[in-house]
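These notes are about the structure you will find just below.
No value in this document is a laboratory result; all are computed from the given coordinates. Note that the structure is a prediction, hence the values are computed from the model and not measured. Virtual Cβ from ideal backbone geometry, glycine too; neighbours counted across all protein chains shown.
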Amino acid sequence: MRTYALALIALVASLVVALPAAAASREVRIPLRDGRFRVADLVAALPDGFPMAARIRSFAAGEINVAGIGGSLAVRAFNAAMGDGCRLSATADAVVLTFEVASLPSPKAAVRTFVAQLNPQAGEQQRQRLYGLKLPDKLDDRKPLLVLVHGLYTWNAVWGSFAAVAEKDGQQVALYGYPSGQAIDKNATDFGAALEALRRDHPTLRVHLVTHSLGGLVARAYIESDAYKPGLIDRLIMIAPPNQGSPWAKFSTVIALRQQYYLRKYCPDWDWSWAVAETLTDSSAQIEPGSPFLRALNARPRRDGVRYTIIAGTKNEIAEMAGGTLSGVAGKLGRFGAKYLQDKIAAAETSLEAGATDGVVSLDSTRLAGVPDYVPLPAGHNALVMRWNGADPAAWPTIKDRLAKN
């Protein structure tokens, strides 16, 4: 199975990138020999001027038996990944590749889908453990519900100490997880669907959102869209939201490696396909300062009926965060891997805007027109939501105060 995966993963990604340059060609045919075709033959038959051809050939080794179980699964996964944009089929004597350039998915989305199709059980375990809305065992419709939404390349575990403090103070808490690999607008659509389902089941329940980092953009992308159902959300409390972007977007590999290290360490059902789903991200480019996504999102008006609060950190904890990353991951990556991470962290640090910052998002980036309730705190990006150096999450007292104001 891994041979099929390695052979076709490169093909999936490269086809999505390269086929638009070959828009005049609509079909490629490769002869079958005893029900098998060589992936290299398929690549060689692609139109002249096909971008990245040399690189693709170096990865596209081996052959696939389309009549065999593994080969059939790989072909089905390929077709699922490419959607309406490209299809691989087999006749009695040839493999036929047809494509519609206008319908091609993004390369990263195609590879994520392909890998998930190859190992659906691992994908389902990942969804069950990491994604979707996790409600308390006993939900009291008479009490408000805090829905906590994590940031880029983290998962619900980041809220452990925060949720404990909130529950100790009488709050009921739910968690929402999403794949960092997905585009923000797709995550926003999924988030909205989960909240709307919650409302159908609990029509009188008051809902407050508390978000961290990228989670704020996911929430805003739904709340400030035409799809939002009025009255669904009471408060949106955003902690360290990169409303104007973050330079860390260019160095998301560091955070992705850190996340996968800890997932592998603490999740017994971790699978290599989880890393593909999370690290091949379409969202990192969206949070680069000045991105088209951010310009469009910030041009929307704030949602009437939703009370906004922004909490920002003024203490740069990047050195501590970087140290934790290196100590955990470097041993697995070796000397060169550790050096790579150090270089990435140094580049991210020097790319931070001048002035106050929490180490990941600057104060200027957290600000948002139309949100006067703005609270800067002397804490770092993670310390705002996590127990840090023995202290409770720094953002909780402010949030507790806002929740007490009906």
Ordering 215-222, 305-312 by per-residue average of other C-beta atoms within 10 angstrom, highest first, gives 215-222, 305-312
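Quick one, can you get me the convex hull of the C-alpha atoms of the range 79-181 expressed as volume per residue in Å³? Mind dumping the intermediate values first?
Values: hull volume 14.9 nm³, N = 103.
Residue-normalised Cα hull volume stands at 145 Å³.
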Pseudo-spin-label distance Lys400 to Arg87, built 7 Å along Cα→Cβ, given in nm, is 6.0
Under the 7 Å Cα-to-Cβ spin-label approximation, Asp169 and Ser291 lie apart by a distance in nanometres of 3.1
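Test of understanding: what is the full-extension gain from Asn389 to Gln121, defined as 0.36 nm times their sequence separation minus their Cα-Cα distance?
On the way: separation 268, 0.36 × 268 = 96.48 nm, distance 3.85 nm.
Once the chain is fully extended between Asn389 and Gln121, it gains 92.6 nm.
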Output row, site Lys138, 7 Å Cα→C-beta label point, backbone N cut-off 19 Å, window the range 162-178, residues 164-175
Whole-Å distance linking the alpha carbon centroid of the range 282-297 with that of the range 116-155 is 25
Quick calc: nm separation of the 7 Å Cα→Cβ label points for Asp34 and Glu100 -> 3.8
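What order, most packed first, do the peptides 231-237, 182-188 have when packing is the mean number of other Cβ atoms within 10 Å of each residue?
182-188, 231-237
By its C-alpha gyration tensor, with a ≥ b ≥ c as the square roots of the eigenvalues, how is the range 365-406 shaped: rounded for a/c under 1.5, else prolate for a/b larger than b/c, else oblate? Intermediate values should be presented prior to the final figure.
Values: a/c = 3.35, a/b = 1.35, b/c = 2.48.
Note, shape of the range 365-406 comes out oblate.
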